[in-house]
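What follows is a short report on a single structure.
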Amino acid sequence: MTRTEKSQPRAGSEEEVKTGAEMAAEADAARAEATGGIECPKCGCRHWRIYKTGPKGTLVKRRRQCRNCGHRLGTTERIET
Ligand SMILES: [Zn+2]
């Protein structure tokens, strides 16, 4: 018995498929939001280790250190209600 397997396109599920680039862009956006979207001025990465957070009235001050190159940066965020 000889049978050739043919790949049959499954109807209905094709619209859900995303390209790798789209998924990468989405993951990137999610990551950027989680870290405040700040790019390291030295190496351009967005992986920060926040080592100090302190509220100051309606402001939040954060000290962050780049996970990649160790560059330190301070940010001030305003809490909006
Ligand atoms: Zn860096």
Which condition from (1) at pLDDT 90 or above; (2) surrounded by 11 or more Cβ atoms within 10 Å (Cβ to Cβ) is the one that ALA29 breaks? (1)
Scan the range 1-24 and report the pairs whose first residue is exposed (fewer than 10 other Cβ atoms within 10 Å of the Cβ) and whose second residue is at pLDDT 70 or above and outside any loop (DSSP other than H, G, I, E, B), with Cβ atoms within less than 9 Å and a gap of 6+ or a chain change. none
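The values are calculated or read from the model by the stated rules, or taken from the named source; none is laboratory data. Everything numeric in this text was worked out from a predicted model, so none of it was measured. Don't worry about glycine lacking a Cβ; one is built from the backbone with ideal geometry, like all the others, and counts go over all protein chains shown.
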